[in-house]
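The values are calculated or read from the model by the stated rules, or taken from the named source; none is laboratory data. All figures in this text were calculated on a predicted structure; none of them were measured in a lab. All Cβ positions, even for glycine, are placed from backbone atoms using ideal geometry, and neighbour counts span all protein chains on display.
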Amino acid sequence: MFESLTQRLSQSMQKLRGKGRLTEDNIKDTLREVRIALLEADVALPVVQSFISDVKERAQGQEVLNSLKPGEALVKIVHDELVSVMGEENEVLDLKASPPVVVLVAGLQGSGKTTTTAKLAKLLKEKSKKKVMVVSCDVYRPAAIDQLETLARQVDVSFFPSSANDNPIDIAQRAMDAARKQFVDVLIVDTAGRLHVDAQMMAEIRQLHDTVKPHETLFVVDSMTGQDAATAAQAFNEALELTGVILTKTDGDARGGAALSVRQVTGKPIKFVGTGEKIDELQPFHPERMASRILGMGDVLSLVEDVQRHVDQDKAEKLAKKIKHGKGFDLADFHSQLEQMQNMGGVGNLVDKLPGMGDLPEHVKNRVNDKQTAHMIAIINSMTKQERRFPDVIRGSRKKRIAMGSGTQVQDINRMLKQFGQMQKMMKKFGKGGMKGMMRKMAGLKNQMPPGGFR
């Protein structure tokens, strides 16, 4: 998300960082580039105009002109305004009400509403320790009911049954009664979507809203629709009085116009973002972290949270002890590291969250390829236990067998073994207490790729 915008803004801001003083002309030139970058990112025009006006007013004030580093002061202003546009801080779900607390999920067809309902249920169950029930009131798309039932089973939350022959209002009322009897904390109601906003849809969802009286009404919107996402959210907000927005498919949105438009157009906060298709890829939306990523400053806090959520701490501890005691780092360990990297969203996701990565040349970024990680995992899967423990035995005939089993070429095996060798050396230094040296190398990541590079 924001790849093209990050590149354009990083370049614009970089020109200013080294300047000893700012003039009206170079501020004007920079803001012209920022304006073009925002418009190309499909940010709504009124939002762009307001943003540029606010930045310009502050940029010509004393806080920049009297600053020792005026270029950096202007970068901070752009950062702060991005945060302001997106909502200042993360706004959590308000679940402070008598249970069952009803959360109504609305949105257009194809926005990922049903999947998001299940993702939200999983998040509330695991992070907030809530007893959750989900129900589908989408009687126009029977597959939606079956889909939600399957997903509810997958995330281990209660599912209230419904059918295409039922009335949505009756379904919701019966679900509320069942939630009370079963002492459910949160009832999430998935509603019907349409291909576009129409009068019939709005009348029905308004009636449903009046019936269940939700404590939270969330609008799910596909971020790839750009500023149209803000327009649709505004239409729903006028009918329902939304309490928040969930942006989906942000992993496929290179522009980011929706994230920068929704809050300003609707006045409602973005509460969550869907970052992928997996059932655990729904995250709270943090405007400040997102603003830092847009300006190429990274997002270390989210990276730490990813590590805590996805890295197996027991495995990590065992590996650390193993290396410390000089038992070596083998291909089985390398395989485990690659899998955990994939669970955190892949190399591209990690690079996106590391500070300074916005300054990497585009041709270097293009070498960061998660397909390479998948290929390396497939290669190791095609090896015997002995080959994983003793990689030195992998010679000509074994390489051919492994290549055939993994659907790769012998040169791919050679490349993987070379990268493994470099990782092995790094781990050996770690085992000898060379952590400080390793940290210094990591600090220089903005100027080089990981060992061996990724093709």
Taking the range 119-151 and keeping residues surrounded by fewer than 16 Cβ atoms within 10 Å (Cβ to Cβ) and either touching a strand residue (DSSP E or B) at 6+ places or on another chain (Cβ under 8 Å) or hydroxyl-bearing (Ser, Thr, Tyr) (or both) leaves Ser128, Tyr140, Thr150
Only one of (1) touching a residue at least 40 places away in the same chain (Cβ under 8 Å); (2) over 16 Å from Leu218 (Cβ atoms); (3) not small (Gly, Ala, Ser) is not met by Lys96, so which one is it? (1)
Would you mind listing the helices (runs of 4 or more DSSP H) fully within the range 357-455 where at least 3 residues are at pLDDT 70 or above? 370-381, 385-389, 396-406, 410-431
Which of the helices (runs of 4 or more DSSP H) contained wholly in the range 1-77 include at least 1 residues that are under 29 Å from the mean Cα position of the chain (by Cα) and modelled with pLDDT of 75 or more? 24-40, 45-59
Residues within the range 193-207 that are in a helix (DSSP H, G or I) and either over 21 Å from Ile246 (Cα atoms) or out of contact with any strand residue (DSSP E or B) (no Cβ under 7 Å at 6 or more places or on another chain) (or both), tallied: 8
One residue from Asp94, Asp80 being over 18 Å from the mean Cα position of the chain (by Cα), in the same structural domain as Lys28 (by TED's automatic domain parsing) and surrounded by fewer than 23 Cβ atoms within 10 Å (Cβ to Cβ): Asp80
When Asp146 is evaluated against the numbered criteria (1) more than 23 Å from Thr225 (Cα to Cα); (2) under 24 Å from the mean Cα position of the chain (by Cα); (3) not in a loop (DSSP other than H, G, I, E, B), which criterion, by number, is the only one it fails? (2)
Of the residues in the range 190-222, how many are surrounded by fewer than 14 Cβ atoms within 10 Å (Cβ to Cβ) and without any contact (Cβ under 8 Å) to a residue 24 or more places away in the chain? 5
When only residues in the range 368-416 that are among the aliphatic types (A, V, I, L, M) and in contact with a Leu (Cβ under 8 Å, 6 or more places away or on another chain) count, which is surrounded by the most Cβ atoms within 10 Å (Cβ to Cβ)? Met376
When you go through (1) under 18 Å from Ala179 (Cβ atoms); (2) assigned to a helix (DSSP H, G or I); (3) in contact with a Pro (Cβ under 7 Å, 6 or more places away or on another chain) one by one for Lys122, which number turns out not to apply? (3)
Of those in the range 101-135 that are among the hydroxyl-bearing types (Ser, Thr, Tyr) and modelled with pLDDT under 90, the residue nearest to Glu204 (Cα to Cα) is Ser111
Residue set Ala199, Ala179; condition modelled with pLDDT under 90 and more than 29 Å from the chain's Cα centre (by Cα); output residue Ala199
